[in-house]
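The values are calculated or read from the model by the stated rules, or taken from the named source; none is laboratory data. Predicted model, so just to flag it, every value in this text is computed and none were measured. Neighbour counts run over all protein chains shown; Cβ positions are idealised from the backbone, glycine included.
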Amino acid sequence: MPGTYDAIIIGGGHNGLVTACYLARAKWKVLVLERRYIVGGACVTEETFPGYKVSTAAYVNSLFRPEIIRDLRLADYGFEAVERNPASFTPFLDGRYLMLGADKASDIENIAKFSKKDAAAYPKYEAMLERVASVVEPTLTQVPPNLMHPSLGQLFEAGKMGRALQKLGPAMGEAIEVLTGAARPILDRWFESEELKGTLATDAIIGAFAAPSMPGTAYVLFHHVMGETNGKRGVWSYVRGGMGGLTQALAKAAKDLGVEIKTEAEVVKILTANCAVTGVALADGTEYRAKKVASGVDMHHTFERFLDPETLPPAFRDAVARIGYESAARSCTHRLRKRRRQDQRRARRASELHRMPGYDRRPATSRHGASRPRPRLHRTRLRRCEVRHALTRPGRRMHHTVVGRHHRRTGR
């Protein structure tokens, strides 16, 4: 007989599991319902080929808050972040390459191969981004204010951020540009080398229907210097065991806190009565009751499929309908039969390899005049899949490719 809970979480992704853990810490009776056979959402590790375990969606980590790792003691449940070293490797047709992320001295040395001026500017560029991050990053753990009816506490928090921006002084204008503008003007102002700008621009457009010259891409670029790994700001990492290593640790922590987790339990409806939530219904007809329901799935599923539209104000429904989740990336993973050349092994130890047809390349135009999609950027990560990362059996290697496209809608 289905029971009654203090809270039901729809979706067992990392956000849902974190929510469940904190509610359970507050002595709530919590149920997590996951549609798939495995918890994790986008943070999962699955065996795609016999003997090869792969992060099938999300593949790197940095923005998962250190406070959560400490509060839930995730290291005790097997979570371990492995820093990318180097962070990226970009080869060029003339035989040169740009490798970044090993350490600051190495970064400057590598950039100097293409421009001594850029090598001198790069530390200042990173310092600028870190100044902005010091203002913006604290907002990641703050409750977003109600812009229409803000409380006194929310006004106070907004005022603190305003004062922090003021402390940037003349750099405040540059901070606002980073948060709202395009990546290309910023990169062009700081650097002259197309090789360096192209490498940095990958972080500005990954997963977006945008070129670096489009507004908003500067924030995507900036987003990659926020977060941390093992206490090091701006460092991205892989998770031992793949991204599923994170969510499996969360699931173990949740169960120890008393959270009940059900897989293969597809929610199809959020139940309501008298304008209040009363529980959820599953695809098999089972119903669970709770006065609080938190959804870890997207806004369209939550408010357009799970809830009766008549229970929501028309203006709110319209706002939800305008939200877009389009992405411009395709991901594929290959198993490698042979070792790469000896001189490539260092770069592929735990890094990304970039191949760029052109910095800020525009969409191609067909002979009929219509714009057709063309790969603007290839980001290829070569993962050394040995015991070090626990992704495959010893000696087996994977090649993971993310292809970004820049599209222009043609109406067809």
Scanning segment 139-149 for residues that are out of contact with any helix residue (DSSP H, G or I) (no Cβ under 7 Å at 6 or more places or on another chain), free of Cβ contacts under 8 Å to residues at least 24 places away in the same chain and surrounded by 10 or more Cβ atoms within 10 Å (Cβ to Cβ) gives 143
Reported set for segment 186-203 where residues are touching a residue at least 60 places away in the same chain (Cβ under 8 Å) and β-branched (Val, Ile, Thr) is 199, 202
If we keep only residues of segment 1-25 that are surrounded by fewer than 21 Cβ atoms within 10 Å (Cβ to Cβ) and of a type in the set (A, V, I, L, M, F, W, C), then the residue farthest from residue 255 (Cα to Cα) is 1
**Asked** If you check residue 92 against the conditions, is it in contact with a Lys or Arg (Cβ under 9 Å, 6 or more places away or on another chain) and of a type in the set (A, V, I, L, M, F, W, C)?
**Response** no
The residue that is modelled with the highest pLDDT, considering only those in segment 63-92 that are of a type in the set (Ser, Thr, Tyr) and not assigned by TED's automatic domain parsing to the domain that holds residue 245, is 90
Picking from 157, 177, the residue that is in the same structural domain as residue 120 (by TED's automatic domain parsing), at pLDDT 80 or above, surrounded by 15 or more Cβ atoms within 10 Å (Cβ to Cβ) and in contact with a helix residue (DSSP H, G or I) (Cβ under 9 Å, 6 or more places away or on another chain) would be 177
Of those in segment 261-291 that are on the phi > 0 side of the Ramachandran plot and exposed (fewer than 14 other Cβ atoms within 10 Å of the Cβ), the residue nearest to the chain's Cα centre (by Cα) is 264
Of those in segment 204-214 that are surrounded by fewer than 21 Cβ atoms within 10 Å (Cβ to Cβ) and not aliphatic (A, V, I, L, M), the residue modelled with the highest pLDDT is 213
If we take segment 204-319, then strands (runs of 3 or more DSSP E) inside it with 2 or more residues that are over 19 Å from residue 42 (Cβ atoms), in contact (Cβ under 8 Å) with a residue 40 or more places away in the chain and not small (Gly, Ala, Ser) are 260-262, 276-282, 287-295
Checked pairs for segment 154-177, first over 21 Å from residue 141 (Cα atoms), second exposed (fewer than 11 other Cβ atoms within 10 Å of the Cβ), C-beta under 8 Å and 6 or more apart or across chains, list as 172/166
Checked 65, 25, 84, 70 against criteria (basic (Lys, Arg), without any contact (Cβ under 8 Å) to a residue 40 or more places away in the chain and more than 21 Å from residue 270 (Cβ to Cβ)); the one match is 70
Note on residue 69: of the conditions (1) closer than 30 Å to residue 195 by Cβ; (2) touching a strand residue (DSSP E or B) at 6+ places or on another chain (Cβ under 9 Å); (3) of a type in the set (A, V, I, L, M), unmet is (1)
- Query: Of the residues that make up segment 107-117, is at least one in a helix (DSSP H, G or I) and touching a residue at least 24 places away in the same chain (Cβ under 8 Å)?
  - Reply: yes
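Quick grid of which residues meet (1) β-branched (Val, Ile, Thr); (2) assigned to a helix (DSSP H, G or I); (3) at pLDDT below 90:
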| residue | (1), (2), (3) |
| --- | --- |
| 94 | no, no, yes |
| 102 | no, no, yes |
| 105 | no, yes, no |
| 121 | no, yes, no |
| 137 | no, yes, yes |
| 140 | no, yes, yes |
